[in-house]
Amino acid sequence: MNSLYRTMFFVPGNASGKIAKAEIYGADCLIYDLEDAVSVNEKDAARDLVSSFLSTYRPDCRIGIRINGQDTPYYEDDVRAMVPLKPDFLRLPKSETAENVQALDALITEVEQANKISVGTIKIACSIETALGVYNAYQIAKASPRVFAIGLGAEDFRTDMRMARSEDAEEILFARNQISLCAHAAKVIPMDYVNSNFKDPEGFKKDVAFGKMLGFTCKSVIHPTQIGLVHEVYTPTDKEIEHAKKVVAVYEEAMANASGVIALDGKMIDMPIVTRAKDVLAYAKAAGKEI
Amino acid sequence: MEFSTNAVRAGSDAKHDLMVQLELGGDAREVEIHSKVEKKFGEAIQEDVEQVLDEFGIRGVKIQIDDLGAWDFAIKARVRTAVKRALAQKGGEPA
């Protein structure tokens, strides 16, 4: 298992065939969905199915569970049933305030203690899906030490903002920027939004690359074909790795010789460039590439 | 297998899933399995069903399993859901 969260692949919580097969597509993380993918009459069945699967088989990747929102009658039952399975995290939809996150934190703590699980084991990923949530993104990210990632739920956000959906998602640019900025400020993972158009791989790849440019390091995906495309964009290329290695080597040589100015191919190398180069190498290594 | 209107259902008719019909009552376990792979896996399916009934301490029950190539975890999960729904119905609580 690698340590990256390039892809979070949503798996419908009440579809036994999809649950059984999901691991083979190679996502860094699987999220079993108890929320939107499950009809209201089948919430109990989905909980039983995910519980039975994770008690029997454990995929060799990170495991998350998207629970139902705090404004639904399913939320508490979801938390009580899922925490004992020790997923890596619960994904909370409609996170709007720090109080939303703290309430979930308290409930997880109660269930962890009741099940003799070390308190703090289960992390929280927050889906931010409303104008208020985007406005409060930093407070949400800092609301609990359990929060390790925040991301935009684009469809609900558009609805809340009365936005029309455009092909290149121009209307959610500010929200994406705000989520990325707040995630980095709070030192949590910025998760890019779900692009549901899996029939346009080129458009999807362009969208992932744009997200990467905005600072995202993780993309939520809903179709197996999207996984490889995200990994391709997020994983440093051989050319990028070679360049990063040169930058780090030049920097280390200059440090050893106590040189004042550092340059590579006629361009000055300053500290942010060195930091980025080290990040590229660490990311590539975590992705299993030879350094 | 004949069921009354009190019977509950769980599962679906999707590939790799199963449909469970279950009715509590009587003093024996009656289990009927319909599966393309019954010859090879019928016994294993029966064991999965019995294991869940043991978990809940159920003695009197009629169950029909219509299997579409489900994994063991799905068989147990669907039977569990059906039992819980039947128990909730018996207790007068919402399923």
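The values are calculated or read from the model by the stated rules, or taken from the named source; none is laboratory data. No experiment lies behind these values; they were computed from the predicted model shown. Cβ sites come from the backbone with ideal geometry, for glycine too, and all protein chains shown count toward neighbours. Heavy atoms of the whole protein, side chains included, go into the accessibility calculation; ligands, DNA and RNA do not. Shrake-Rupley method; radii C 1.70, N 1.55, O 1.52, S 1.80 Å.
Quick look at the values:
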{"item": "DSSP beta bridge pairing in the stretch B:8-89, given as percent antiparallel to the nearest 5", "result": "60"}
{"item": "Carbon plus sulfur fraction of accessible area for the protein assembly as shown, probe 1.4 Å, in percent", "result": "52"}
{"item": "Sequence-distant residues sharing a close amide H with A:C218 (under 5 Å, placed H)", "result": "A:D192"}
{"item": "Chain A, relative contact order [Cα under 8 Å, separation at least 6], %", "result": "15"}
{"item": "Solvent-accessible surface (1.4 angstrom probe) belonging to B:H34, in square angstrom, nearest 10", "result": "70"}
{"item": "Coordinate range along principal axes, alpha carbons of chain A, Å, largest first", "result": "66, 46, 36"}
{"item": "Accessible area of A:R47 in the full protein assembly, 1.4 Å probe (Å², nearest 10)", "result": "30"}
{"item": "Area buried, chain A against chain B - accessible surface, total, 1.4 angstrom probe, square angstrom", "result": "1200"}
{"item": "Contour excess over end-to-end distance, with Cα ends at A:K212 and A:T159 and 0.36 nm allotted per residue", "result": "16.6 nm"}
{"item": "Theoretical gain in end-to-end length, A:S166 to A:K278 [0.36 nm per residue, Cα-Cα removed]", "result": "36.7 nm"}
{"item": "Descending principal axes extents, the stretch A:238-286, alpha-carbon based, whole Å", "result": "32, 19, 15"}
{"item": "Residues in the stretch B:67-93 reached by a label modelled at A:V40 [backbone nitrogen below 20 Å; 7 Å Cα→Cβ]", "result": "B:85, B:89, B:93"}
{"item": "Rounded, prolate or oblate (a/c below 1.5 giving rounded, otherwise prolate when a/b exceeds b/c) for the stretch A:118-211 by Cα gyration tensor", "result": "prolate"}
{"item": "Ranking by accessible area, most exposed first, for A:K86, B:K90 with a 1.4 Å probe", "result": "B:K90, A:K86"}
{"item": "Which listed pairs, of A:K206/A:K278; A:K116/A:K205; A:K116/B:K40; A:K187/A:K289, have C-alpha distances above 32 Å, in listed order", "result": "A:K116/A:K205; A:K116/B:K40"}
{"item": "Nearest-0.05 FRET efficiency for A:A106 and A:M268, computed from C-beta distance (R0 30 Å)", "result": "0.05"}
{"item": "Chain lengthening between A:M255 and A:K116 when straightened (0.36 nm per residue, less Cα-Cα)", "result": "45.1 nm"}
{"item": "The stretch B:1-69: relative contact order as a whole-number percent, Cα under 8 Å and 6+ apart", "result": "46"}
{"item": "Choice from A:P272, A:P201, A:P12 with maximal GNM fluctuation in chain A (Cα, 10 Å cutoff)", "result": "A:P272"}
{"item": "Distance violations [Cα-Cα > 19 Å] among A:K245/A:K267; A:K245/A:K285; A:K94/A:K142; B:K36/B:K62", "result": "B:K36/B:K62"}
{"item": "Reciprocal mean inverse distance between Cα atoms of the stretch B:8-89 - Kirkwood radius, Å", "result": "12.3"}
{"item": "CD proxy at 222 nm, helix term only [per DSSP H run n ≥ 4: -39500 (n - 2.57); per residue of the protein assembly as shown; nearest 500]", "result": "-14000 deg cm²/dmol"}
{"item": "The stretch A:227-291 and the stretch A:139-164: distance between their alpha carbon centers, rounded to Å", "result": "32"}
{"item": "Reachable aspartates and glutamates from A:K21, criterion Cα separation under 17 angstrom, eight or more residues apart if same chain", "result": "A:D33, A:D60, B:D17, B:D72"}
{"item": "Accessible area in the full protein assembly, largest first, 1.4 Å probe, for A:R58, A:R176, B:R59", "result": "B:R59, A:R58, A:R176"}
{"item": "Number of partner chain Cβ atoms within 10 Å, mean per residue of B:2-15", "result": "2"}
